[in-house]
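Engineer: Supplied in structure tokens, the structure appears directly below.
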Amino acid sequence: MLSFAILAAVTVSAVTPDVPGLVFDRVPIGHNSIYEAASVFDVNNDGHKDIFCGEYWYEGPDFKKSHKVYDIMYLDTYYDDFSNYPMDVNGDGYIDVVTGGYFGCTFQWRENPKGGPGPWTTHDVAKTGNIERNIFFDMDGDGIVEVMPVTKPVHIFKLKCDAQGKGTGEFEQFTVETDGGSGHGAGAGDVNGDGHPDLIFSGGWLEAPANTWDMKAWKWHPEFNLGTASVPILVYDVNQDGKNDLIVGEAHNYGLYWMEQGTDAKGTRTWTKHDIETNRSQFHDLQLHDIDNDGQPELVTGKRFWAHNGHDPGDRDPLGVYYYKINKGAFERTTIDYGPAATNSGVGIYFWVEDVNGDGLKDIVAPGKQGLYLFLNRGKGPK
């Protein structure tokens with residue numbers, strides 16, 4: 001297990017002053033949780049949202065009672081569980097969890113025992129190679145997300161549904177026939193504005209055809225090199241000029257930035273880098289959510305702790321959880337939490353944003369090797 005002697009070695013340094021913003025209460029969940037993936041859903045169909053993280057789920061609304069789910073392989077400070085996506089895979093009316101691991105190299109789903117306290121059965125779907133994380137996106141517009149493990153070659157898994165649209169417990173596997181893709185970073189979204197979601201990787205993007213499932217028709221565009229980019233890479237029109245841009249975190253280095261999509265005099269697509277942060281590091285997971293209820297999405301992210309066991313630049317810097325007002329590219333940061341890993345939080349490899357307590361404000365569930373925390377959004381009022 002990761003020792004707290006390592007956690008206490010992290011020190012606090014000065015940061016740039018933030019823009020005043022929302023107030024959050026930090027609530028620790030569970031005991032000594034060092035899993036890096038979490039999500040929120042109603043596990044037992046009792047009307048209360050629960051927190052699912054790694055080997056346990058915690059009963060809402062107070063999250064004090066926990067239930068063991070499964071024994072996950074533990075290796076070299078890592079639990080081999082790099083996403084916890086809620087999906088009713090077998091169509092029985094109870095939400096299951098889709099996951100995958102780097103060391104086990106297997107795309108899996110864990111079967112909910114109909115809300116009971118017993119262990120969950122884990123089903124292996126396919127051996128895919130090392131899964132840095134899964135990407136979840138509705139690629140064909142049918143209202144059901146597909147699963148893309150961040151591996152090479154590029155695989156897309158589509159849930160098989162019955163005539164009533166319910167999951168059957170099986171996935172259909174598609175493999176994109178291309179030399180491109182994979183690497184560290186990955187994301188999904190419509191890059192070229194043709195209405196079809198594309199796949200984005202560190203070294204370029206895969207253009208989706210009109211028929212998503214025509215695997216030979218995908219086209220590779222090696223237009224940039226984003227290094228060890230975040231998972232996901234976000235596709236969003238940052239400057240509101242009608243062209244989708246990319247928002248990218250340095251997953252294993254310092255930096256957070258956006259890539260502006262443009263066109264040169266010859267009509268060729270161009271990408272221009274704009275820095276958001278240069279002195280904070282380990283932006284592994286990025287999400288867009290309207291966290292302040294102003295009708296516009298904010299960028300929500302933070303630092304992943306101890307990703308490569310102390311070998312990344314900035315690993316011993318303070319942890320943090322942040323959100324940014326986008327403002328057409330004039331990003332403004334509000335820090336939700338910041339400090340040593342012994343007392344503060346980052347966001348792990350797969351965090352979750354959702355209104356947990358039903359007050360109309362989106363909260364943040366932040367897992368990681370520093371522990372599991374719920375950040376309750378209190379709006380702009382006092383704690």
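The values are calculated or read from the model by the stated rules, or taken from the named source; none is laboratory data. Note that the structure is a prediction, hence the values are computed from the model and not measured. Here the Cβ is made from the backbone with ideal geometry for all residues, glycine too, and neighbour counts use every protein chain on show. Keep in mind that these areas ignore ligands, DNA and RNA; they rest on the heavy atoms of the full protein, side chains included. Shrake-Rupley method; radii C 1.70, N 1.55, O 1.52, S 1.80 Å.
Engineer: If I filter the stretch 256-297 down to residues being more than 23 Å from LEU22 (Cα to Cα) and of a type in the set (Gly, Ala, Ser), which single residue comes out as least open to solvent (accessible area, probe 1.4 Å)?
Structural biologist: GLY262
Engineer: Six or more apart or on different chains, Cβ atoms under 6 Å: show the pairs whose first residue is in the stretch 256-279 and part of a strand (DSSP E or B) and basic (Lys, Arg) and whose second is surrounded by 13 or more Cβ atoms within 10 Å (Cβ to Cβ) and modelled with pLDDT of 95 or more.
Structural biologist: Between residues of the stretch 256-279 that are part of a strand (DSSP E or B) and basic (Lys, Arg) and residues that are surrounded by 13 or more Cβ atoms within 10 Å (Cβ to Cβ) and modelled with pLDDT of 95 or more, the close pairs are LYS273/TYR257; LYS273/MET259.
Engineer: Would you confirm, using the coordinates I've provided, whether THR212 is more than 19 Å from the chain's Cα centre (by Cα), polar (S, T, N, Q), open to solvent by less than 60 Å² (accessible area, probe 1.4 Å) and at pLDDT 95 or above? First the steps, then the outcome.
Structural biologist: On the way: more than 19 Å from the chain's Cα centre (by Cα): yes; polar (S, T, N, Q): yes; open to solvent by less than 60 Å² (accessible area, probe 1.4 Å): yes; at pLDDT 95 or above: yes.
It is true that THR212 is more than 19 Å from the chain's Cα centre (by Cα), polar (S, T, N, Q), open to solvent by less than 60 Å² (accessible area, probe 1.4 Å) and at pLDDT 95 or above.
Engineer: With the checklist (1) surrounded by fewer than 22 Cβ atoms within 10 Å (Cβ to Cβ); (2) at pLDDT 95 or above; (3) among the polar types (S, T, N, Q) in hand, flag the one item ASN130 doesn't pass.
Structural biologist: Unmet for ASN130, out of (1) surrounded by fewer than 22 Cβ atoms within 10 Å (Cβ to Cβ); (2) at pLDDT 95 or above; (3) among the polar types (S, T, N, Q): (2).
Engineer: Let me ask you something else. Which ones in the stretch 111-125 are surrounded by fewer than 16 Cβ atoms within 10 Å (Cβ to Cβ) and either closer than 25 Å to VAL150 by Cα or charged (D, E, K, R) (or both)?
Structural biologist: Passing the criteria: LYS114, THR121, ASP124.
Engineer: Return only the number of the condition from (1) within 17 Å of PHE375 (Cβ to Cβ); (2) at pLDDT below 95; (3) open to solvent by 60 Å² or more (accessible area, probe 1.4 Å) that GLY30 does not satisfy.
Structural biologist: (3)
Engineer: Let me ask something else. Answer yes or no: is there a residue in the stretch 366-379 that is over 21 Å from the mean Cα position of the chain (by Cα), modelled with pLDDT of 95 or more and of a type outside the set (A, V, I, L, M, F, W, C).
Structural biologist: Yes, the stretch 366-379 contains a residue that is over 21 Å from the mean Cα position of the chain (by Cα), modelled with pLDDT of 95 or more and of a type outside the set (A, V, I, L, M, F, W, C).
Engineer: Which of the residues belonging to the stretch 175-206 are more than 22 Å from the chain's Cα centre (by Cα) and open to solvent by 10 Å² or more (accessible area, probe 1.4 Å)?
Structural biologist: The answer is THR175, GLU177, THR178, ASP179, ASN192, GLY193, ASP194, GLY195.
Engineer: Conditions first: (1) of a type in the set (Lys, Arg); (2) in contact (Cβ under 8 Å) with a residue 60 or more places away in the chain; (3) closer than 22 Å to LEU226 by Cα. LYS380 passes all but one, so which condition is the exception?
Structural biologist: It is condition (3) that LYS380 fails.
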